[in-house]
């Protein structure tokens, strides 16, 4: 009897893992399509195009979703499984984004592949990083605070660069990116040192990133 | 799949990720389909058959496309001939839309022709739709700049 219950529990857990992977895959495909759709829209002085071709907000959405699955996973192999769900999101995002690009620009696979392939290569290390950050952001210590601040850190460059381009870019790119990247901070522990930890993390990650890749986007 | 032990399932998922990323790293992808000069001309003619140029314009009878040599023939990306035809169509109507010698009504008709057709697929290339949208709002300068480029484009004599 005990063995049967244990087997059922394991199977239920496995099912929830595969459902989480499928869910993040669907979410990635949907956001990838939205991003490419925006990428082709030159409204709002090109701000929609910038938002669609940006990276920070879409990766931050992936982080939020991966973090949600991390909370539901058992401790064993949690980082590894969350990395797999992050990979599902990133792969689906990239494939949907480039598939819509090909469909709308009348490009064949041979023409889209060179643009897409290096981002696919980047998914393997990126999903590990995202899985680690999303899982460790659940910790109730300084490392947890740092992980919660990282999305704002990698978004800082895009927020700042677009804020300098005027009202349309501020409204369409900077503010939405800032809001999405700040969402994880709602889970921040209310300790006096949490705020300095966040500020330092954002600056340590954001400033060098901005200096190294001032025009970072899917087109670069 | 559900009955797989967790570690084995995890290993399988990791292998899939590494396989996709690894394949992307080493595989250059299929060679892009190409045309010879004859293929470009055929594409151009096919696209020209479905588009109507502005009054006073006609499709070129001869296209000056470098065929290369027998030993080293030139290759063109598929869609190149279609793009050439689309661009000529755009030039014909854009030039008309910004012409100061035409009555406002004729210019407006040309703009509407551009606007209507460019929104309807299939168009092989991203034509400067924003310039047309701007012109419809009264900001004609961007379309004028685009139209002024038409005469300078290789292989596309204005008339």
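Collect the residues in the range A:60-104 that are touching a helix residue (DSSP H, G or I) at 6+ places or on another chain (Cβ under 7 Å), within 10 Å of chain B (Cβ to nearest Cβ) and in a loop (DSSP other than H, G, I, E, B), keeping them in residue-number order.
A:74, A:77
Do you know which residues across the range A:26-50 are within 12 Å of another protein chain (Cβ to nearest Cβ) and farther than 15 Å from residue A:177 by Cα?
A:39, A:40, A:41, A:42, A:43, A:44, A:45, A:46
For the range B:5-45, give me the residue count where each residue is within 7 Å of another protein chain (Cβ to nearest Cβ), within 27 Å of the chain's Cα centre (by Cα) and either at pLDDT 85 or above or on the phi > 0 side of the Ramachandran plot (or both).
1
Name every residue in the range B:26-55 that is under 23 Å from residue A:117 (Cα atoms) and either surrounded by fewer than 13 Cβ atoms within 10 Å (Cβ to Cβ) or touching a residue at least 40 places away in the same chain (Cβ under 8 Å) (or both), in order of residue number.
Of everything in the range B:26-55, those that are under 23 Å from residue A:117 (Cα atoms) and either surrounded by fewer than 13 Cβ atoms within 10 Å (Cβ to Cβ) or touching a residue at least 40 places away in the same chain (Cβ under 8 Å) (or both) turn out to be B:26, B:27, B:28, B:30, B:31, B:32, B:33, B:34.
Here are some conditions: (1) within 14 Å of the chain's Cα centre (by Cα); (2) over 20 Å from residue B:25 (Cα atoms). Residue A:107 meets all but one. Which one does it not meet?
The failed condition is (1).
Could you count how many residues in the range B:96-139 are in a loop (DSSP other than H, G, I, E, B) and at pLDDT below 85?
So the count comes out to 12.
Identify the residue in the range A:120-139 that is assigned to a helix (DSSP H, G or I) and surrounded by fewer than 20 Cβ atoms within 10 Å (Cβ to Cβ) and, among all such residues, is nearest to the other protein chains (Cβ to nearest Cβ).
Result: A:121.
Given A:72, A:103, A:88, which one is over 23 Å from residue A:186 (Cα atoms) and surrounded by fewer than 24 Cβ atoms within 10 Å (Cβ to Cβ)?
Exactly one residue qualifies, and that residue is A:103.
Going through the range A:106-148 one residue at a time, which ones are touching a residue at least 12 places away in the same chain (Cβ under 8 Å) and closer than 18 Å to residue A:39 by Cα?
A:112, A:115, A:116, A:119
In this structure, is residue B:2 modelled with pLDDT under 85, touching a helix residue (DSSP H, G or I) at 6+ places or on another chain (Cβ under 6 Å), more than 14 Å from chain A (Cβ to nearest Cβ) and in a loop (DSSP other than H, G, I, E, B)?
Taking the combined requirement at face value, the residue does not satisfy it.
Within the range B:65-83, count every residue that is touching a residue at least 40 places away in the same chain (Cβ under 8 Å), away from chain A (no Cβ under 14 Å) and either in a helix (DSSP H, G or I) or surrounded by fewer than 16 Cβ atoms within 10 Å (Cβ to Cβ) (or both).
Count: 0.
Of A:142, A:207, A:202, A:172, which residue is over 30 Å from residue A:40 (Cβ atoms) and buried (at least 18 other Cβ atoms within 10 Å of the Cβ)? Steps first, please.
Details: A:142 fails: buried (at least 18 other Cβ atoms within 10 Å of the Cβ); A:207 fails: buried (at least 18 other Cβ atoms within 10 Å of the Cβ); A:172 fails: over 30 Å from residue A:40 (Cβ atoms).
Among A:142, A:207, A:202, A:172, only A:202 is over 30 Å from residue A:40 (Cβ atoms) and buried (at least 18 other Cβ atoms within 10 Å of the Cβ).
Exactly one of these conditions fails for residue A:159: (1) in a helix (DSSP H, G or I); (2) without any contact (Cβ under 8 Å) to a residue 60 or more places away in the chain. Give me its number.
The number of the failed condition is (2).
Test residue A:97 against the stated conditions and say whether it is within 20 Å of residue A:187 (Cβ to Cβ) and touching a residue at least 60 places away in the same chain (Cβ under 8 Å).
The answer is no for residue A:97.
Any idea which of (1) away from chain A (no Cβ under 14 Å); (2) in contact (Cβ under 8 Å) with a residue 24 or more places away in the chain; (3) within 30 Å of residue B:111 (Cα to Cα) is the one residue B:86 doesn't satisfy?
With respect to (1) away from chain A (no Cβ under 14 Å); (2) in contact (Cβ under 8 Å) with a residue 24 or more places away in the chain; (3) within 30 Å of residue B:111 (Cα to Cα), residue B:86 is out only on (1).
The values are calculated or read from the model by the stated rules, or taken from the named source; none is laboratory data. Just so it is clear, the model here is predicted, and its values are computed rather than measured. Cβ sites come from the backbone with ideal geometry, for glycine too, and all protein chains shown count toward neighbours.
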